[in-house]
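One structure is given here, and the rest of the page talks about it.
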Amino acid sequence: MKKMLVASLALLMASQAFAADPISQRKDVFKQYKPVVGAMGKMVKGDTPYNKDEFAKLATQLEQLSQQPWQYFPAGSNAGKTDAKPEIWSKPADWQKAIDNHKAATAKLKQVALAGDLAAIKTQFGATQQTCKACHKDFRKD
Ligand code: HEC
């Protein structure tokens, strides 16, 4: 009984420690953005040949990733090893708008990727990257 209690206490503490580190959780998601966007960028630029199915797969991954980081920005998580600007919490409506713009852009990118028109893909890939840049400009430290 005592052993079980100790074990469940340890588990509880471990899960709290995990939950208490939203900074590394959100960074982990952003790190996953990089190879996906990088591979798409290469195809858009023609460094690697455009492959409709491969690009659509990447666009689908990106659309899924675009749902994830925002849950890891709880109030008070702007201390420590983070580049998040305090405006995330002081201007919540603007922050939400930046998130919504980004989600809308990635959703549209997935759509055009599935359709497979490379010209439309190029335009929408650029528009999507703009939503990354715009948010970083306002809400991430350089
Ligand atoms: C709505 C705002 C927003 C959008 C959109 C956004 N980011 Fe970020 N990003 C951030 C913030 C805030 C941080 C800083 C996180 C921290 O240090 O706690 C960040 C950090 C990062 C990092 C650094 C992670 C690390 O290891 O420290 C990368 C890479 C990144 N973003 C890539 C992207 C890419 C690529 C896109 C678009 C496909 C994107 N982001 C879209 C807000 C955003």
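Cross-link pairs exceeding 28 Å in C-alpha to C-alpha distance, out of Lys57/Lys133; Lys42/Lys91; Lys52/Lys85; Lys27/Lys57; Lys52/Lys97; Lys45/Lys108, comprise Lys42/Lys91; Lys52/Lys85; Lys52/Lys97. Only Cα pairs within less than 10 Å get springs; with that Gaussian network setup on the chain, which residue of Pro86, Pro69, Pro49 has the largest fluctuation? Judging by the Gaussian network model, the answer is Pro49. Over the chain, the fraction of Cα-Cα pairs per 10 Å bin, rounded to whole percents and listed from the shortest bin up, is 11, 35, 26, 17, 8, 3, 0.
When you filter the trypsin sites (Lys or Arg not before Pro) in region 94-142 for DSSP loop state and at most 10 other Cβ atoms inside 10 Å of their Cβ, you are left with Lys141. Stokes-Einstein D for region 49-118 at 20 °C, 1.002 mPa s, Kirkwood Rh over Cα pairs, in µm²/s? So the translational diffusion coefficient is about 155 µm²/s.
Throughout, read-outs are computed from the coordinates displayed, never taken from laboratory work. Just so it is clear, the model here is predicted, and its values are computed rather than measured. Backbone-built Cβ (ideal geometry, glycine too); neighbour counts: all protein chains shown.
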